[in-house]
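Engineer: A single structure is presented below for examination.
The values are calculated or read from the model by the stated rules, or taken from the named source; none is laboratory data. Keep in mind that what you see is a predicted model, and the values were worked out from it rather than measured. Heads up, the Cβs are rebuilt from the backbone with ideal geometry, glycines too, and the neighbour counts pull from every protein chain shown.
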Amino acid sequence: MMMGSGRIRSRANPLSSPRRKQTGIYVYSPADRRSPGSSLPGNFNYRRMENKLKRTLLLDIDGTLIQRSLLQWFLEYLIRRRRIRLRNALREAFRLSAAFTRKFYQWEMFYFRGYAVSDVETWARECWDHEMRGRVHEGLIQPVRELQEKGAGIVLLSGTIPCLAELFHDIFHIDAIICSEPEIQDGRFTGRLIRPHPWGIRKYRYADQWLAANGRGWDQTLAMGNEWVDRHVFRHSTPVAIRPRRLLRFLAWRKGWPVIDDVDDENAVRRVIDEQWRKMTDHSGYPQSLPGSL
């Protein structure tokens, strides 16, 4: 239920409450939270990270798996449906920015300040079902599933929030999600992030920490992205640029990185992914080609 003022209803002043202790980068590791309406085939042979698989597929979300920014799309949806009122959001932004002027991430999620986490998660599912799901690039789905059959662990790397990233369980089995971590008190968003969200060089640093913690290397990591900020990850991995913007396209041309422009052409996507898969030095006995490769 939406709160009229958009403020946290708590006896303690949330601006003076201590922040939750930082425990490192946010990594969501799902057990298996696919929804009942999941489109995943029931007999799909998943291989879990518990099997100590060493190959990793790092997937950007915004502009790579789906056509635009999930968070921006979600906020527009909430404003259209009058779930969030812009005037209240701007008031909370002013209050938080006055209290935390030095670091933007300390008030970056001002638009959700005071809202119940359960409400936002419900609205995220509604937006996904009504608008977002049909905009996922269909040509990527089957090739990514085939990578999973060959043992690749799927890790989403994005600056979006968990309740949006988790929606991709409807399409893939996701082994981990590295994304923004909103601060939560008494089941409600405070409007702050625990730490800066993955963006720019932080995408590489957070991914590097995760790979090191899970005994994986960049030489066994295939990465997909579309923005200039993804270049840091690309320089250390085996990259595939998905409909890249101008600067990343130019860098891909200089570096010889493959580019996929028609993400709805499943066979073309499969060919590029298969070629990059072969380039990764194989230390673990994985088959070198994907099923159905041309």
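Engineer: Do you know which of the residues in the range 250-294 that are assigned to a loop (DSSP other than H, G, I, E, B) and among the polar types (S, T, N, Q) is modelled with the lowest pLDDT? Step through it out loud before you land on a result.
Structural biologist: Taking the range 250-294 first, the residues assigned to a loop (DSSP other than H, G, I, E, B) are 256-258, 261-265, 280-294.
Remaining after also requiring among the polar types (S, T, N, Q): 281, 284, 288-289, 293.
Working: THR281: 51, SER284: 46, GLN288: 42, SER289: 40, SER293: 37.
Per the stated criteria, the residue is SER293.
Engineer: Quick one: in the range 249-279, which of the residues that are of a type in the set (Lys, Arg) and either without any contact (Cβ under 8 Å) to a residue 24 or more places away in the chain or over 19 Å from HIS236 (Cα atoms) (or both) is surrounded by the most Cβ atoms within 10 Å (Cβ to Cβ)?
Structural biologist: As a first pass, look at the range 249-279 and keep what is of a type in the set (Lys, Arg): 249, 254-255, 270-271, 278-279.
Going one step further and asking which of them are either without any contact (Cβ under 8 Å) to a residue 24 or more places away in the chain or over 19 Å from HIS236 (Cα atoms) (or both), we end up with 249, 254-255, 270-271, 278.
Values: ARG249: 17, ARG254: 8, LYS255: 12, ARG270: 22, ARG271: 17, ARG278: 13.
Out of the qualifying residues, it is ARG270.
Engineer: Of all residues in the range 155-206, how many are closer than 19 Å to HIS236 by Cα and surrounded by fewer than 21 Cβ atoms within 10 Å (Cβ to Cβ)?
Structural biologist: 5
Engineer: Among the residues that make up the range 227-245, is at least one of them among the small types (Gly, Ala, Ser) and over 19 Å from the mean Cα position of the chain (by Cα)? Reasoning before the result, please.
Structural biologist: Let us first name the residues in the range 227-245 that are among the small types (Gly, Ala, Ser), namely 237, 241.
If we keep only those that are over 19 Å from the mean Cα position of the chain (by Cα) too, we end up with none.
There is no residue in the range 227-245 that is among the small types (Gly, Ala, Ser) and over 19 Å from the mean Cα position of the chain (by Cα).
Engineer: Kindly establish whether HIS232 is in a loop (DSSP other than H, G, I, E, B), in contact with a helix residue (DSSP H, G or I) (Cβ under 8 Å, 6 or more places away or on another chain) and more than 30 Å from VAL117 (Cβ to Cβ). Talk me through it step by step, then tell me what you get.
Structural biologist: Working: in a loop (DSSP other than H, G, I, E, B): no; in contact with a helix residue (DSSP H, G or I) (Cβ under 8 Å, 6 or more places away or on another chain): yes; more than 30 Å from VAL117 (Cβ to Cβ): yes.
The answer is no for HIS232.
Engineer: On the given criteria, is THR221 over 19 Å from SER158 (Cβ atoms) and touching a residue at least 24 places away in the same chain (Cβ under 8 Å)? Spell out how you get there, then give the answer.
Structural biologist: Details: over 19 Å from SER158 (Cβ atoms): no; touching a residue at least 24 places away in the same chain (Cβ under 8 Å): yes.
Here the answer is no, as THR221 does not meet what is asked.
Engineer: Could you grab me the full set of residues in the range 88-146 that are β-branched (Val, Ile, Thr) and either modelled with pLDDT under 90 or within 15 Å of THR190 (Cα to Cα) (or both)? Full working, then the answer.
Structural biologist: Filtering the range 88-146 for residues β-branched (Val, Ile, Thr) gives 101, 117, 120, 122, 136, 141, 144.
Across the range 88-146, the qualifying residues are THR101, VAL117, VAL120.
Engineer: Here's another thing I want to ask about it. Within the range 114-136, can one find any residue that is closer than 18 Å to LEU57 by Cα and within 17 Å of the chain's Cα centre (by Cα)?
Structural biologist: Taking the range 114-136 and keeping what is closer than 18 Å to LEU57 by Cα, we get 136.
Checking the rest, the ones that are also within 17 Å of the chain's Cα centre (by Cα) come to 136.
There is at least one residue in the range 114-136 that is closer than 18 Å to LEU57 by Cα and within 17 Å of the chain's Cα centre (by Cα).
Engineer: Another question about this same structure. For the range 171-179, check the following and say yes or no: at least one residue is within 21 Å of LEU75 (Cβ to Cβ) and not in a helix (DSSP H, G or I). Show your work before the answer.
Structural biologist: Taking the range 171-179 first, the residues within 21 Å of LEU75 (Cβ to Cβ) are 177, 179.
With the extra rule that they be not in a helix (DSSP H, G or I), the set shrinks to 177, 179.
So far as the range 171-179 goes, yes, one or more of its residues are within 21 Å of LEU75 (Cβ to Cβ) and not in a helix (DSSP H, G or I).
Engineer: Considering only residues that are within 21 Å of GLN142 (Cβ to Cβ) and not aromatic (Phe, Trp, Tyr), which ones fall in the range 167-176?
Structural biologist: Step one: list which residues in the range 167-176 are within 21 Å of GLN142 (Cβ to Cβ), which gives 167-175.
Of everything in the range 167-176, those that are within 21 Å of GLN142 (Cβ to Cβ) and not aromatic (Phe, Trp, Tyr) turn out to be LEU167, HIS169, ASP170, ILE171, HIS173, ILE174, ASP175.
Engineer: For the range 163-176, how many residues meet the condition of being of a type outside the set (D, E, K, R) and farther than 22 Å from GLY134 by Cβ? Reasoning before the result, please.
Structural biologist: Step one: list which residues in the range 163-176 are of a type outside the set (D, E, K, R), which gives 163-165, 167-169, 171-174, 176.
If we keep only those that are farther than 22 Å from GLY134 by Cβ too, we end up with 176.
Total meeting the criteria: 1.
Engineer: Could we say that VAL240 is touching a helix residue (DSSP H, G or I) at 6+ places or on another chain (Cβ under 6 Å), at pLDDT 90 or above, β-branched (Val, Ile, Thr) and assigned to a helix (DSSP H, G or I) here? If you could, list the steps in order and put the result at the bottom.
Structural biologist: Details: touching a helix residue (DSSP H, G or I) at 6+ places or on another chain (Cβ under 6 Å): yes; at pLDDT 90 or above: yes; β-branched (Val, Ile, Thr): yes; assigned to a helix (DSSP H, G or I): no.
No: the conditions fail for VAL240.
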